[in-house]
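**Student:** Take a look at this one; I'll ask things after.
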Amino acid sequence: MSDTLPKTPMLDELESGKWPSFVTEIKMAAKRSPMCRDLLGQLEQSYEEKIGYWKHGGIVGVMGYGGGVIGRYSDLPEKFPNISHFHTMRINQPAAWFYNTDALRKICNIWEKHGSGITNMHGSTGDIILLGTSTDQLEPVFDELQKIDFDIGGSGSDVRTPSCCCGMARCEWACYDTMAACYDFTQTFQDEIHRPAFPYKFKFKFSGCPNDCVASIARSDMSIIGIWRDDIQVNKDAVTEYAKSGMDIKADVIDNCPAKCMEWDGKEINIDNSYCRRCMHCINVMPKALAPGKDRGACILLGSKAPIVEGALLSSVLIPFYKMEPPYQELKDVVERIWDVWGEEGKNRERVGEFIQRVGMGNFLEAIELEPTAEMVAHPRENPYVFYEEYFEEEEEEEEEEEKS
Amino acid sequence: MAEPQERRTDYGPPHYEQFLPPVIKNNYGKWKYHEIMKPGVMVHVAEGGDKLYTIRASSGRLLSIDKIRMYCDLADKYCDGYLRFTSRHNVEFLTDKKENVDPLIKEVEDMGHPIGGIGNSISSIVHTQGWIHCHSAATDASGVVKAVMDDLIEYFVEMKLPGKLRIALACCLNMCGAVHCSDIAILGIHRRPPKVNHEKLNKMCEIPNVSASCPTAAIRPATVDGKPSVEVIEELCMFCANCYTVCPSMPLNDPLNDGISIWVGGKVSNARAEPTFSKLAIPYLPNNPPRWPETVEAIRNLVELWAKNARKYERMGEWIERIGWPRFFKMAGIEFQKEHIDDFKHAGLTFKRSTHLSY
């Protein structure tokens, strides 16, 4: 294999234009890395033939861990021997993806020495993705990661690496400390992250407010979304400032309120907070004037997932309001009970949301010892096919009466 | 193999506190408000008056270590050595020094990373691996994203849209990118049932598992040429590829039939309307590398149609909900076909069950 880059006329076309080019990135790394040169060659062939050339997985990993490394092998190893192995390592990102340059440079140095030199910052779940290395380099990478205190993330049927928004670090709307909670849960469930023992994956995502910047309601089995219970805080002077600066408060704010719980009389905003749905629109539009209330916590929702296998789901309300205070023990107890039930009864590759669809939310709530509440449903059932579990027999009826009296 | 150090496991990620710049540590949980100063730049103001400037730059998600080191050089020069990434693959430079903002922007732009993606704009496209790294991809990911964003760059670097627009791409129905709640979702699709490799199947896969993996019960055990294998009832196959995920001998990848579908109107945020799934707009567009012109054109049309017709703050789905789907299809010039009508579980809930129609 020569040091020169392979001819890639189709990929080269993706180096023009204003958006950053991934082809340019691979070429930068290819100056050093024979893996990246072969990657370019194989990718060009994919572009010519409109099909991918990666084999179907393979079980590789580091000692003591059951997940975190995605085995990947080229389907064209004779032609592209340097990517005959091209495994991905998932590295647990620091909460909310904050770094200092010292830590980032150390990761780069490890990946220069032991891998392809290309990464994803970050993968969809949140991990640092180190993209492409050979089986014999997995242990050395992990050795080096230990020295800089970075650990491996989740893959397979385990707790996937939790992720969170930047919360209190840089957002006035954070209704709880997302980064602290994400770090705490990640540490508490290290064993569950690293050793797959579930029917399928389980994701946690921590969003500080209902704007949900980490898409937790769509992308995590347990969505922990910040919310408040008391009144929206109003700074009257700042409202006046917005009005003076030309904001059409009626059109931009009041008319967009889904609960129609606000009024603007030209001078003051009046909110009937008991009807407010905490949607965030008014606060988003007037961040200087309006803010979430002071009695803050999180709404806990359960069950979202992408389509595979039985169709996509959004998370639905499990606990309408929970004070997110360390060590979050009551919530963790609920999590453990969910895992017990789903771990025992769930089918292979059945996410918890699908499991609930199959066994029924009512039965599921009984099993995890939570009381049903009206906040859990968009509306009560429309069909009359109720699964009553018990009925009276005539003689039993008398006994029941006696017991009651 | 040398074993000099004690092997540690399960220590988790480094604690985030060491990665927070002093201005953040000092004002953690004490931010008062923020303002978008210009595209891609915002200032957060703390209760005590401290200010934090954020400069958000695009990135192609796939980054070389060379580029990460260049980011580090800039963070060292302008941001006391701190930076972060966003949930949509952007990089953010953080500084408390206002005078650093413009020189930093210039250097980031000179490096080839446009600044933007905040407020009423298109943020970076969340996407998957595609042909760079995945076995089940029905299209490439990075290439399509590059082509689409080259075309839509004006909406990233400016804030001239009615509201936020979130685009995501997943290269197959597994949706590692979880695109199913996006204003516009680009989804790679297979359209040919699995080509069963009867030679290898029994050696590589457990037949009951393969059979059970099919959500429509289209796969049943069969003996083919004397070998235990499976057969696929092709008219029941909806190309989800779950069988391929559990068994490598059931590949669906097929250059003649794979392609892209476009979905619209989903959102994740609770602002105004509730979070909702994206719905099918265009059932199929061909894979046409390296620049996927059909996909690029279709998405530009959708973006511009929405931008022209939506009210302020109205997301794609809120706008369509207001005008009605029949009008959307007419305005978009998209032919409504059989494929647009759901026929999986609970399909009936998606039928129009009223006479609330516009003519």
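The values are calculated or read from the model by the stated rules, or taken from the named source; none is laboratory data. The model shown is predicted, which means the values in this text are computed figures rather than measured ones. Neighbour counts are summed over all protein chains in view; Cβ atoms, including those assigned to glycine, are modelled from backbone coordinates with ideal geometry. Areas reflect the complete protein model, heavy atoms only, side chains present, ligands, DNA and RNA absent. Shrake-Rupley method; radii C 1.70, N 1.55, O 1.52, S 1.80 Å.
**Student:** Considering each residue of the stretch B:21-51, count those that are in contact with a Phe, Trp or Tyr (Cβ under 6 Å, 6 or more places away or on another chain) and farther than 23 Å from A:VAL234 by Cα, and give that number.
**Tutor:** Of the residues in the stretch B:21-51, 1 are in contact with a Phe, Trp or Tyr (Cβ under 6 Å, 6 or more places away or on another chain) and farther than 23 Å from A:VAL234 by Cα.
**Student:** Which numbered condition trips up A:ARG349, out of (1) in contact with a Pro (Cβ under 8 Å, 6 or more places away or on another chain); (2) surrounded by 20 or more Cβ atoms within 10 Å (Cβ to Cβ); (3) within 12 Å of chain B (Cβ to nearest Cβ); (4) not polar (S, T, N, Q)?
**Tutor:** (2)
**Student:** Which pairs turn up if I take residues in the stretch B:269-281 that are under 13 Å from B:VAL179 (Cβ atoms) and facing another protein chain (nearest Cβ under 7 Å) and look for partners that are surrounded by fewer than 23 Cβ atoms within 10 Å (Cβ to Cβ) and among the aliphatic types (A, V, I, L, M) with beta carbon separation below 9 Å, at least 6 apart in sequence or on another chain?
**Tutor:** Correct list of pairs: B:PHE277/A:ALA312; B:PHE277/A:LEU314.
**Student:** Among B:GLY177, B:GLY226, which is within 12 Å of chain A (Cβ to nearest Cβ) and either open to solvent by less than 20 Å² (accessible area, probe 1.4 Å) or over 30 Å from the mean Cα position of the chain (by Cα) (or both)?
**Tutor:** Working: B:GLY226 fails: within 12 Å of chain A (Cβ to nearest Cβ).
Exactly one residue qualifies, and that residue is B:GLY177.
**Student:** Right, here's the next one. A:ILE59 passes all but one of (1) β-branched (Val, Ile, Thr); (2) crowded, with 21+ Cβ neighbours inside 10 Å; (3) out of contact with any Phe, Trp or Tyr (no Cβ under 6 Å at 6 or more places or on another chain); which number fails?
**Tutor:** Of (1) β-branched (Val, Ile, Thr); (2) crowded, with 21+ Cβ neighbours inside 10 Å; (3) out of contact with any Phe, Trp or Tyr (no Cβ under 6 Å at 6 or more places or on another chain), only one is false for A:ILE59: (2).
**Student:** Something else about it: Out of B:GLU154, B:GLU231, B:GLU158, report the one residue that is without any contact (Cβ under 8 Å) to a residue 60 or more places away in the chain, more than 12 Å from every other protein chain (Cβ to nearest Cβ) and open to solvent by 40 Å² or more (accessible area, probe 1.4 Å).
**Tutor:** Working: B:GLU154 fails: more than 12 Å from every other protein chain (Cβ to nearest Cβ); B:GLU158 fails: without any contact (Cβ under 8 Å) to a residue 60 or more places away in the chain.
It is B:GLU231.
Residue by residue, here is whether (1) in contact (Cβ under 8 Å) with a residue 60 or more places away in the chain; (2) surrounded by fewer than 24 Cβ atoms within 10 Å (Cβ to Cβ); (3) acidic (Asp, Glu) holds:
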residue: A:LYS106; (1), (2), (3): no, yes, no
residue: A:ILE128; (1), (2), (3): no, no, no
residue: A:SER155; (1), (2), (3): yes, no, no
residue: A:THR188; (1), (2), (3): yes, yes, no
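**Student:** Quick check on the stretch B:196-210: of everything there that is within 12 Å of chain A (Cβ to nearest Cβ) and of a type outside the set (A, V, I, L, M), which residue is nearest to B:ASN174 (Cα to Cα)?
**Tutor:** Result: B:ASN209.
**Student:** Also, quick follow-up: Among the numbered criteria (1) at the interface with chain B (Cβ under 7 Å from one of its Cβ atoms); (2) at pLDDT below 95, which one does A:PHE150 miss?
**Tutor:** In the conditions (1) at the interface with chain B (Cβ under 7 Å from one of its Cβ atoms); (2) at pLDDT below 95, A:PHE150 misses (2) alone.
**Student:** Taking B:ARG191 as meeting all but one of (1) open to solvent by 30 Å² or more (accessible area, probe 1.4 Å); (2) free of Cβ contacts under 8 Å to residues at least 12 places away in the same chain, write down the number of the exception.
**Tutor:** Condition not satisfied by B:ARG191: (2).
**Student:** With the stretch A:205-303 as the region, which strands (runs of 3 or more DSSP E) entirely inside it contain at least 1 residues that are open to solvent by 10 Å² or more (accessible area, probe 1.4 Å), under 30 Å from A:ASP158 (Cβ atoms) and within 13 Å of chain B (Cβ to nearest Cβ)? Outline the logic, then answer.
**Tutor:** Values: elements: A:222-228, A:262-264, A:269-271, A:296-302.
Correct list: A:222-228, A:296-302.
**Student:** Further question on the same structure: What number of residues in the stretch B:330-356 are in contact (Cβ under 8 Å) with a residue 40 or more places away in the chain and either among the hydrophobic types (A, V, I, L, M, F, W, C) or out of contact with any strand residue (DSSP E or B) (no Cβ under 8 Å at 6 or more places or on another chain) (or both)? Steps first, answer last, please.
**Tutor:** Of the stretch B:330-356, the ones in contact (Cβ under 8 Å) with a residue 40 or more places away in the chain are B:332, B:334, B:337, B:339-340, B:344.
With the extra rule that they be either among the hydrophobic types (A, V, I, L, M, F, W, C) or out of contact with any strand residue (DSSP E or B) (no Cβ under 8 Å at 6 or more places or on another chain) (or both), the set shrinks to B:332, B:334, B:344.
Residues flagged as in contact (Cβ under 8 Å) with a residue 40 or more places away in the chain and either among the hydrophobic types (A, V, I, L, M, F, W, C) or out of contact with any strand residue (DSSP E or B) (no Cβ under 8 Å at 6 or more places or on another chain) (or both) within the stretch B:330-356 amount to 3.
**Student:** When residues of the stretch B:302-317 are filtered for being more than 14 Å from every other protein chain (Cβ to nearest Cβ) and open to solvent by 20 Å² or more (accessible area, probe 1.4 Å), how many remain? Give the derivation first.
**Tutor:** Restricting attention to the stretch B:302-317, the residues satisfying the condition of being more than 14 Å from every other protein chain (Cβ to nearest Cβ) are B:302-309, B:316.
Imposing the further condition that a residue be open to solvent by 20 Å² or more (accessible area, probe 1.4 Å) reduces the set to B:304-305, B:307-309.
Residues that pass the stated criteria total 5.
**Student:** Moving on to the next point. Being in contact (Cβ under 8 Å) with a residue 60 or more places away in the chain, assigned to a loop (DSSP other than H, G, I, E, B), within 7 Å of chain A (Cβ to nearest Cβ) and more than 15 Å from B:ILE189 (Cα to Cα) is the filter here, so list the residues in the stretch B:124-141 that pass it.
**Tutor:** none
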